[in-house]
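Notes follow once the structure below has been shown.
The values are calculated or read from the model by the stated rules, or taken from the named source; none is laboratory data. Predicted, not measured: the structure shown is a model, and the values here were computed from it. Positions of Cβ are backbone-derived with ideal geometry, glycine not excepted, and every protein chain shown enters the neighbour counts. With ligands, DNA and RNA removed, areas are computed over all heavy atoms of the protein, side chains included. Shrake-Rupley method; radii C 1.70, N 1.55, O 1.52, S 1.80 Å.
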Amino acid sequence: MRLYGVTGSKNCGKTGLMERLVAEICARGLTVSTVKHAHHSTDVDQPGRDSFRHREAGASEVLLASPNRWALMHELRDAPEPPLSELLGKLSPVDLILIEGYKREPHPKIEAHRAETGKPLLSPDNHSIRAVAADSAVETALPRFDLDDTRGVADFILREVGL
């Protein structure tokens, strides 16, 4: 399974870069899945919906199916968050999995960086970061891309994973 991450500080452009990379790589005829890590409690379901009511009643898992998509929601019920490796095993095979977040995991990553956040680069202390995509000049020995250079970043990632 080929995977590559996009990491960075809060509000640094990770999600926008992920969105553009998925579109760019899919346009090249490759299949892509994504994993997004959220540090806060998040819920994709809505109060009042049947699926929400099933979970609230105590269901461990709720699979919601429609003619357009299906989603499986698994309640941890105070169990620890599963490791990334376990979650990756739940995905169907694709050419590439792009991972947003999980900055401490060992998979290779590109760091998104925006000067306006005032945050330092993560890459000097994180050796799984292989390149930086920034909106301004940054000091780094790693390959550097403009944050909006989606084609260049995609080319780099695909070379890195052998696609």
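Numerical summary
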quantity	calculated
Cα centroid of segment 30-46 to Cα centroid of segment 64-99, whole Å	9 Å
Area of K14 that stays accessible when all protein chains are in place (1.4 Å probe, Å², to 10)	30 Å²
Relative contact order of the chain, defined on C-alpha pairs under 8 angstrom at six or more residues apart (%)	35 percent
Inter-label distance for S85 and T34, nm, one decimal - labels placed 7 Å from Cα along Cα-to-Cβ	2.6 nm
Net charge dipole size for segment 30-163 [Lys, Arg +1 and Asp, Glu -1 on Cβ; Debye, nearest 20]	160 debye
Spatial separation of Cα centroids for segment 128-156 and segment 2-27, in angstrom	12 Å
Rounded accessible area of E81 (nearest 10 Å², 1.4 Å probe)	110 Å²
Surface accessible to a 1.4 Å probe, per residue, for the residues of the chain, Å²	62 Å²
Mean residue ellipticity (222 nm) of the chain, computed from DSSP H runs ≥ 4 via -39,500 (n - 2.57), nearest 500	-7000 deg cm²/dmol
Among T34, P47, A57 - extreme Cα towards positive end, dipole of segment 1-69, charges at beta-carbon	T34
Gain upon complete extension [N11, A137; 0.36 nm per residue less C-alpha separation]	43.6 nm
Extension gain from R151 to L72, taking 0.36 nm per residue of separation minus the Cα-Cα distance	25.2 nm
Carbon/sulfur fraction of accessible area - the chain, other protein chains in place, 1.4 Å, %	50 percent
Stretchable slack from H107 to D50, in nm (0.36 nm times residue separation minus alpha-carbon distance)	16.8 nm
Using a Förster distance of 25 Å, the FRET efficiency for S41-D125 (Cβ separation, nearest 0.05)	0.35
Formal net charge of residues neighbouring A134 (Cβ-Cβ distance under 12 Å; K, R +1; D, E -1)	-4
